[in-house]
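K.L.:
My structure is below; once you've seen it, I'll send some questions.
Laboratory data are not the source of any read-out in this text; all were calculated from the coordinates shown. Remember, it's a predicted structure, so these values are computed and weren't measured experimentally. Heads up, the Cβs are rebuilt from the backbone with ideal geometry, glycines too, and the neighbour counts pull from every protein chain shown.
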Amino acid sequence: MRPDVMLDVEQFLFREAHLLDERRFQEWLGLLTDDIRYWMPTMGRYYGASTKAFAPLERDQPERPEFSDENELAILDETKDSLARRIARLDSGMAWSEEPPSRTCRFISNVIVDESDTNAGLIVRSNFILYRTRGELERDFYVGSRQDVLRSDGGGWKIAYRKILVPQNVLAAKNISNFF
Amino acid sequence: MNVDIHTLVDSDQGLVGRAVHIDPQIYEREGGMIFARCWMYLCHESQVPRPGDFCTAYMGEDLVIVWRDTQGTVRAFLNVCRHRGNRLCRADSGNAATITCPYHGWAYGNDGGLKGVPHQQAYRGELDKERWSLISVAQLDIYKGLIFATFDASAPPLREYLGEMAWYIDAIFDRRDGGVEMLAGVHRWVVPCNWKVPAENFCGDSYHGPWAHGSAMSAGFSARRPRPRDIERFHLYPGNGHCVMGRQPDDASDSPEVVVYEREVRAEVRARLGPRLDLVRPVVGTVFPNLAFVRGTANSIRVWHPRGPGSTEIWSWLFVDKRAPASVKEAVRLAGLRSFGPGGTFEQDDIDNWQECTQSARGTVSRRQMLNLQMGLGNERFDPELRAWTSDFCLSESNQRYFYRHWARVMEGADWSSLTAREVPQ
């Protein structure tokens, strides 16, 4: 990947995180394509194929992936419309989980940029830490990774796909009320 | 134990002492009186379909493994090695003939029996493996695909424990041939509230909806509901601590795809469930103590696992009619996860309220206060068609009063014959 593209993509992700930290949600929404899929699967924990922890009874058990699949349960599975409605909810003055709002600080790192095989845009992987405080002593760390597809519409990058993986089998936070 | 439950729950006056949500002694007593005695929900049968299939669960704070044995019988055991108390199975689910403890290698079969002990000669022939099987639940039974168990051998059979609640469970989980199936995946998260706060909410807290969920409703995360024509029959108490909230029978507060589907299957569902379906649409409920369901905005079944007086681990699954078409299942999936669960626009506002209703009781003076559950006090009546006690208005706290009255009886150690004495007339 060309260094100038790398730099451009990184700056885009940093500015996006900045918009979210500043709760400029309408501007953030403008960075998403109209056909975005924005989703966060659930996690489970299963023994791997080489485990000695058990002896199987049925030999043809498929190995289950740790994260749920596209047609299964997810923590978030959003379109641009449902994200817009989530933002409208936050702006209603009655979204009690964010009233008063939480404060966030996002760290984006480990950015890897690849061309897609199908010319659909850039495949961008990154890691994140989302630190959230709320109320008096409430603190949450959401640490995970993202897989994005970025497309350029001439006026800059837009996010066409985002998969968010938070590797917590039981989520330690009381909710997911922020964007990732 | 010097906690006097009598002084904490006065259901005749609609008063509940705040200590019930925060007192460590009460929490400790709930372990023995409620979670080690009542029938507890473990999982759905579709999660362990084949011989050898297992999934892990909790009964209170006790680790449990649900395991279908080689012969096909569903069993449940403490998920704890008998040797040194290690957690036996570390996975959520799988399929096994035997599972081996990671510490010293004791291996147990799917009938719970101790099958293998490494270096057994060290016991000089004095280890009786028959005596050291996994600790089994005292009773296990399945109702309409829902697997329940109790650690109390003297508890009444599950069907008797459910009593008149059974029909309301049918109306959620057995509407069509084949019943329901669970979507793969589970929401699990930890919330800083007492387990009874969500339990009483799911008894049918009609009052909080428009205000607590105003933001989710105005943003279109649930269909706008027509004003109810029938103002009675919203809060239903079929006895034994179980509670249901209903809406008018023609309520259509589902996703558009589901509204069309419901119209198509109405006759079939009606034939299966009978004329009671013409009177009410059950939408929310609590099976005492800590199983809850909602059907409509989301189709969710969930357990409030206690984690100390001020903490609850929620496990929530989405369910769909097994025979529903794929497009309806997808609509149910999306509507469900966008409204309930950790990212749910409804549930996250609930959680903030449940949290602060619990944590504010930590203050010594706050803890001495009584909560007000007086709405509609004295206006309940028995409805013979619904086989339940009902409120006379679409807003009432009658079910919360019934819930805490039953909780107090169980906590006081009432025997099973009086706990399941028919509150519902014949």
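K.L.:
Just to confirm the number: angle between the C-alpha axis of helix B:398-411 and the first principal axis of chain B, 0 to 90 degrees, nearest 10?
P.N.:
Taking the Cα atoms of chain B, the angle to B:398-411 is about 30 degrees.
K.L.:
Tally Lys/Arg at +1 and Asp/Glu at -1 over every other residue whose Cβ is under 15 Å from the Cβ of B:Gly85; what's the total? Before the final figure, lay out each step's value.
P.N.:
Details: positive: B:Arg82, B:Arg84, B:Arg87, B:Arg90; negative: B:Glu61, B:Asp62.
Its environment carries a net charge of +2.
K.L.:
Could you give log10 I(q)/I(0) at q = 0.08 Å⁻¹ for chain B, computed by the Debye formula over C-alpha point scatterers of equal weight, without solvent?
P.N.:
Each listed q maps to, in turn, -0.45.
K.L.:
Under a GNM of chain B (C-alpha, springs under 10 Å), which listed residue has the highest mean-square fluctuation: B:Val74, B:Val260, B:Val303?
P.N.:
B:Val260
K.L.:
So how compact is chain A: Cα radius of gyration and Dmax in angstrom?
P.N.:
Spelled out, the Cα radius of gyration and Dmax of chain A are 18.3, 57 Å.
K.L.:
May I pose another question? Mind checking which of B:Thr73, B:Thr312, B:Thr56 has the largest fluctuation in a GNM of chain B, springs on alpha carbons under 10 Å?
P.N.:
B:Thr73
K.L.:
Report the Cys residues of the protein assembly as shown lacking a disulfide-compatible partner, meaning no second Cys Cβ under 4.7 Å from their Cβ.
P.N.:
So far as the 4.7 Å Cβ criterion goes, A:Cys105, B:Cys38, B:Cys43, B:Cys55, B:Cys89, B:Cys193, B:Cys357, B:Cys394 stand without a partner in the protein assembly as shown.
K.L.:
For the stretch A:164-180, just list the computed ³J(HN,Hα) in residue order, Karplus coefficients 6.51, -1.76 and 1.60, θ = phi - 60°, integers in Hz, with x standing in for Gly and Pro.
P.N.:
With the stated coefficients, the stretch A:164-180 comes to 10, 10, 10, x, 10, 5, 10, 5, 7, 7, 6, 6, 10, 10, 10, 9, 10 Hz.
K.L.:
Right, next: Could you tell me how far the Cα centroid of the stretch B:1-36 sits from the Cα centroid of the stretch B:268-291, in Å?
P.N.:
Centre-to-centre distance over Cα atoms comes out at 30 Å.
K.L.:
Run the paramagnetic zone check for A:Arg15: 7 angstrom along Cα to Cβ, then residues of the stretch A:145-180 with backbone nitrogen under 17 Å.
P.N.:
A:150-160
K.L.:
Scan around B:Val283 for amide H atoms under 5 Å from its own, H built in the peptide plane at 1.01 Å from N, and keep only partners 5 or more places away or cross-chain.
P.N.:
B:Met245, B:Gly246, B:Arg247
K.L.:
Under the Kirkwood approximation applied to all pairs of distinct alpha-carbon atoms, what is the hydrodynamic radius of the protein assembly as shown in Å? Mind dumping the intermediate values first?
P.N.:
Working: mean 1/r = 0.0388 Å⁻¹.
Hydrodynamic radius (Kirkwood, Cα pairs) of the protein assembly as shown is 25.8 Å.
K.L.:
Set the Förster distance to 35 Å, then compute FRET efficiency between A:Asp153 and A:Glu22 from the Cβ-Cβ distance, nearest 0.05. Numbers along the way, then the final one.
P.N.:
Working: r = 23 Å, r/R0 = 0.67.
Rounded to the nearest 0.05, the efficiency is 0.90.
K.L.:
Here is a follow-up. Determine, for B:Phe382, B:Phe234, the number of other Cβ atoms within 10 Å of each Cβ, and report the residues in order from fewest to most.
P.N.:
Details: B:Phe382 13, B:Phe234 25.
Going from least to most buried by this count: B:Phe382, B:Phe234.
K.L.:
Give me the inter-chain shielding for B:50-59: mean count of other chain Cβ atoms within 10 Å, whole number please.
P.N.:
Shielding by partners across B:50-59 averages 2.
K.L.:
Further question: Could you list B:Tyr404, A:Tyr46 so that the one with the fewest beta carbons within 10 Å of its beta carbon is first and the one with the most is last?
P.N.:
On the way: B:Tyr404 28, A:Tyr46 15.
Fewest-to-most Cβ neighbours within 10 Å comes out as A:Tyr46, B:Tyr404.
K.L.:
Quick one: dipole size for the stretch B:40-142, taken about the Cα centre, charges +1 on Lys/Arg Cβ and -1 on Asp/Glu Cβ, in debye to the nearest 20.
P.N.:
Working: 11 positive and 11 negative charges, 78 e Å.
Dipole about the Cα centre, nearest 20: 380 debye.
K.L.:
What shape does the stretch A:1-49 take by its C-alpha gyration tensor, where a ≥ b ≥ c are the square roots of the eigenvalues and a/c under 1.5 counts as rounded, a/b above b/c as prolate, and the rest as oblate?
P.N.:
oblate
K.L.:
If you build the convex hull over the alpha carbons only and average its shadow over all orientations, what do you get for the stretch B:309-426? Give it in nm² to one decimal. All intermediate terms of the calculation are to be shown ahead of the outcome.
P.N.:
Numbers: hull surface 45.8 nm².
Spelled out: convex hull of the Cα atoms, projected over all directions, averaged, 11.4 nm².
K.L.:
Projected area of the stretch B:40-142, taken from the Cα convex hull and averaged over every viewing direction, in nm²? Let's see the in-between values first.
P.N.:
Numbers: hull surface 25.8 nm².
Hull-based average projected area comes out at 6.5 nm².
K.L.:
May I pose another question? Which of B:Leu318, B:Leu140, B:Leu236 moves the most in a Gaussian network model of chain B with Cα springs under 10 Å?
P.N.:
Sorting by GNM fluctuation, first place goes to B:Leu140.
K.L.:
For a quick protection proxy, order the peptides B:75-85, B:246-256 by their average other-Cβ count within 10 Å, most packed first. Could you put the intermediate results ahead of the total?
P.N.:
Values: B:75-85: 19.5, B:246-256: 17.7.
Ranked from most to least packed, the peptides come out as B:75-85, B:246-256.
K.L.:
Run the numbers on chain A and let me know its relative contact order in percent, using alpha-carbon pairs under 8 Å that are six or more apart. Spell out each step's value before the answer.
P.N.:
Numbers: 273 pairs, mean separation 44.0, N = 180.
Computed value for chain A: 24 percent relative contact order.
K.L.:
Charges at C-beta only: +1 for Lys and Arg, -1 for Asp and Glu. How large is the resulting dipole of the stretch B:318-426 about its Cα centre, in Debye rounded to 20?
P.N.:
Details: 14 positive and 15 negative charges, 52 e Å.
The dipole magnitude comes to about 260 debye.
K.L.:
State the Cα centre-to-centre distance between the stretch B:112-150 and the stretch B:339-383 in whole Å.
P.N.:
Here the answer is 40 Å between Cα centres.
K.L.:
Got the relative contact order for the stretch B:374-426 handy, in percent, Cα pairs under 8 Å and 6 or more residues apart? Please report the intermediate quantities before stating the final value.
P.N.:
Details: 40 pairs, mean separation 16.4, N = 53.
31 percent.
K.L.:
Using helices alone, I'd like the mean residue ellipticity at 222 nm for the protein assembly as shown: each DSSP H run of four-plus residues gives -39500 (n - 2.57), total over residue count, nearest 500.
P.N.:
Details: 16 runs with 142 residues, N = 606.
Taking each H run of at least 4 residues, the total per residue is -6500 deg cm²/dmol.
K.L.:
Considering amide H positions built from the backbone, and no H for Pro or chain starts, which residues 5 or more places from A:Ala160, or on another chain, come under 5 Å of its amide H?
P.N.:
Amide H neighbours of A:Ala160: A:Thr33, A:Val149, A:Leu150, A:Arg151.
K.L.:
Within 10 Å of each Cβ in peptide B:326-335, how many partner chain Cβ atoms are there on average? Round it to a whole number, please.
P.N.:
Working: counts 1, 0, 0, 1, 2, 0, 0, 5, 5, 0.
Taking all residues of B:326-335 together, the mean is 1.
K.L.:
Please sort B:364-372, B:43-51 by packing, taking for each peptide the average over its residues of neighbouring beta carbons within 10 angstrom, highest first. Intermediate results must be reported in sequence, preceding the final value.
P.N.:
Details: B:364-372: 12.4, B:43-51: 18.3.
The most tightly packed comes first, giving B:43-51, B:364-372.
K.L.:
For q = 0.12, 0.17, 0.23, 0.25 Å⁻¹, what log10 I(q)/I(0) does the stretch B:112-212 give under the Debye formula with an equal point scatterer on each alpha carbon and no solvent?
P.N.:
-0.74, -1.10, -1.29, -1.29
K.L.:
Roughly how far apart, in whole Å, are the Cα centres of the stretch B:154-216 and the stretch A:127-167?
P.N.:
Distance between centres, Cα-based: 32 Å.
K.L.:
Which peptide among B:95-102, B:284-291 comes first, and what is the full order, when sorted by highest mean count of other Cβ atoms within 10 Å? Each step should come with its number before you reach the end.
P.N.:
Numbers: B:95-102: 20.6, B:284-291: 25.8.
Sorting B:95-102, B:284-291 by mean packing, highest first, produces B:284-291, B:95-102.
K.L.:
While we're here: How would B:Lys196, B:Lys115 line up from fewest to most surrounding beta-carbon atoms within 10 angstrom?
P.N.:
Working: B:Lys196 28, B:Lys115 18.
Result, fewest neighbours first: B:Lys115, B:Lys196.
K.L.:
Among A:Phe67, A:Gly93, B:Ser339, flag the residue with its Cα farthest along the positive direction of the charge dipole of the protein assembly as shown, charges on Cβ as +1 for Lys/Arg and -1 for Asp/Glu.
P.N.:
A:Phe67
K.L.:
Just going by the charge dipole of chain B, with Lys and Arg at +1 and Asp and Glu at -1 on Cβ, which of B:His187, B:Gly125, B:Ser215 is farthest out on the positive end?
P.N.:
B:Gly125
K.L.:
Also, I was wondering about something else. Would you pull out the residues with amide H under 5 Å of A:Asp77's amide H, same chain only if 5 or more places away, H placed 1.01 Å from N?
P.N.:
The answer is A:Met40.
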